[in-house]
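Shown next, in structure tokens, is the structure this report addresses.
The values are calculated or read from the model by the stated rules, or taken from the named source; none is laboratory data. Computed from a predicted model, the values in this text were never measured in an experiment. As a convention, Cβ positions derive from the backbone with ideal geometry for all residues, glycine included, and neighbour counts pool all protein chains shown. Please note that ligands, DNA and RNA were not included when accessible areas were found on the heavy atoms of the full protein model with its side chains. Shrake-Rupley method; radii C 1.70, N 1.55, O 1.52, S 1.80 Å.
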Amino acid sequence: MNLLTDTWIPIRPLDGGPTEKINLQTLLCDPQKRTLCLPRDDMELATLQLLICLLQVIWPPKDDSQFRQRIGQVFTEEEFQNGIEPWLTTFDLTHPEHPFMQVKGVKAKAATGMDKLLAGLTGATNCTFVNEPGQGGALCSGCAATALFNQANNAPGFGGGFKSGLRGGTPVTTLIRGEDIRTTLWLNVLTKTRLDACLPQWQETPKATWQSPIKAGEKIQAATIGLLRGLFWQPAHIELCPPVSGGHCSACGFKSDSLYDGFLKAKFNFTVEGLWPHPHSPRLQQIKKGNTEEKFLAFTTAAPSWTQISRILVSKQVEKGKEGSAPAAILVQLADIFPHHKLQLIIGGYRNNQASILERRHDVLSFNLGWETHLDVINKIVETGLGYKTALRKALFVFAEGLKNSDLKGAGVSVHEVAERQYYRQSDLLIPDLLATLSSESASKTLQNLRAQLQRVCEQLFEQVTAPYVHHPKLIKALAVARVTLRKHLSDMKPQGEKDDSRAA
């Protein structure tokens, strides 16, 4: 199955209609508006990433003008065929010598089931509750290719002895959503001039990892990893087992002439020194022991995606004691080429515990016209939301644990943890909608209204989680101190003017 010529992309018409599979030429040359259609959100996001990476390698726009043209106009058949001609043997899942994202001749004691290639199907205590049984039974060629790409680039390694991708085990991916799948793809492709800036050696065409596999024990400088090799990095030695007879794919549901029900994998070690500047992920910087350390953003807690918006959108200079951040290159490009436009931001990834997937994340956040001109306000909104959460948690921690060096005893119940989860659920209904309608003109009033709403949320949650203990004689003092603590922290969250207004009232 060749990703450039065969039918493997699951779609449905944007205005409704039956699902079907199409090839890349139809997707890029036919003006009909379509959207991807896969049952699993992570597989859908991985398919989107895979397609974006194909376009980035084969058809990078030469400048901003051509970038706009690609978004507005479909390819001619000649443009498409001329583009794929040099790459026809590169993206072939069944190539006899160097199959896509695989290494021929992998030696393994036994085959591994395809469920291990679909991140999160097995290995975690919650996997049977959030996944329908049988999803990894046997995959069609398209889903097998997508699963190989996703496992290599978005998921943690298979366990001890297996490396994760260039961005780490569970990186956050940020992509720009257009009006349909075709425009979405082009919105996330960097122009040649921007590739020159972030990846000077991108025009060199080293072979892909399946054409020239990483050697065991090899030390690799990140700066030497080219565009093709970096976007399609494969850190594992994997080989699909020969396909079995056809049937319905357990992942996408489409009927296929042949299916894959297992793969071979083998451990090997290597080292990558430095950070490869992946264009689809924000990066974080910290100064440790006088040196600047850089890594890609990852989901490490169950906090909703809005809590990470400052790190995703706002560029911050790293300073001692303060974290720096750099948005994904595709977002910087969008702000340059299409200023004062709305933004629909796809945010996806996993939360993990080593090799186990604890949670799948796939959100779309909207931002109003001119979002790039009031990043300071967006940053303040996120800081405000997190600040009220901290105020509530600190007060309830006093109630739960008491005070050190004091005779004040707590309830011994983790009500602060319960309240934090509830706070995130309620604020997740407020803050994304606020970001979608935010404008520079209404920024001050918006922040004032947000503070008032979040204060009510904190007060209500405080009363709600402490209600079962209000009549307990031994906890009366702890409850009173906690309530005073909450009032103090909530008051500290208000600007001086609002504090004065509240006293006057």
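How about the range 428-487: which of its residues are of a type in the set (Asp, Glu) and under 17 Å from Trp371 (Cβ atoms)?
Selection gives Asp433, Glu441.
Going by what's in this entry, would Gly274 be described as small (Gly, Ala, Ser), more than 30 Å from Glu420 (Cα to Cα) and in contact with an Asp or Glu (Cβ under 6 Å, 6 or more places away or on another chain)?
Taking the combined requirement at face value, the residue does not satisfy it.
In the range 370-387, how many are touching a His at 6+ places or on another chain (Cβ under 9 Å) and within 20 Å of Glu441 (Cβ to Cβ)?
Qualifying residue count for the region: 4.
Looking at Ala303, Ala355, Ala335, Ala298, can you tell me which residue is among the aliphatic types (A, V, I, L, M), free of Cβ contacts under 8 Å to residues at least 40 places away in the same chain and surrounded by fewer than 20 Cβ atoms within 10 Å (Cβ to Cβ)?
Ala335
Condition test on Leu375, is it open to solvent by 20 Å² or more (accessible area, probe 1.4 Å) and within 26 Å of Val457 (Cα to Cα)?
When the stated conditions are applied, Leu375 passes them.
Of the residues Leu369, Leu392, only one is over 21 Å from the mean Cα position of the chain (by Cα), surrounded by fewer than 16 Cβ atoms within 10 Å (Cβ to Cβ) and among the aliphatic types (A, V, I, L, M); which?
Exactly one residue qualifies, and that residue is Leu369.
From Ala436, Ala443, Ala400, grab the single residue that is open to solvent by less than 60 Å² (accessible area, probe 1.4 Å), touching a His at 6+ places or on another chain (Cβ under 7 Å) and either more than 30 Å from Pro468 (Cβ to Cβ) or touching a residue at least 60 places away in the same chain (Cβ under 8 Å) (or both).
Ala443
Taking the range 403-418, which residues are over 37 Å from the mean Cα position of the chain (by Cα) and surrounded by 13 or more Cβ atoms within 10 Å (Cβ to Cβ)?
Leu403, Leu408, Lys409, Gly410, Ala411
Could you check the range 27-82 and list, in sequence order, the residues that are of a type in the set (Gly, Ala, Ser), open to solvent by 40 Å² or more (accessible area, probe 1.4 Å) and within 18 Å of Ile176 (Cα to Cα)?
Answer for the range 27-82, where residues must be of a type in the set (Gly, Ala, Ser), open to solvent by 40 Å² or more (accessible area, probe 1.4 Å) and within 18 Å of Ile176 (Cα to Cα): just Gly72.
Here's the yes/no breakdown for (1) more than 30 Å from Ala329 (Cβ to Cβ); (2) touching a Ser or Thr at 6+ places or on another chain (Cβ under 8 Å):
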{"position": "Asp363", "(1), (2)": "no, yes"}
{"position": "Glu372", "(1), (2)": "no, no"}
{"position": "Asp376", "(1), (2)": "no, no"}
{"position": "Lys389", "(1), (2)": "yes, yes"}
{"position": "Phe397", "(1), (2)": "yes, no"}
{"position": "Lys409", "(1), (2)": "yes, no"}
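What number of residues in the range 238-256 are more than 12 Å from Trp8 (Cα to Cα) and open to solvent by 40 Å² or more (accessible area, probe 1.4 Å)?
Of the residues in the range 238-256, 7 are more than 12 Å from Trp8 (Cα to Cα) and open to solvent by 40 Å² or more (accessible area, probe 1.4 Å).
Would it be correct to say that Asp15 is over 26 Å from His95 (Cα atoms), surrounded by 21 or more Cβ atoms within 10 Å (Cβ to Cβ) and not polar (S, T, N, Q)?
Criteria not met by Asp15.
Determine which single condition Thr128 fails, assuming it passes every other condition in (1) at pLDDT below 90; (2) assigned to a loop (DSSP other than H, G, I, E, B).
Every listed condition holds for Thr128 apart from (2).
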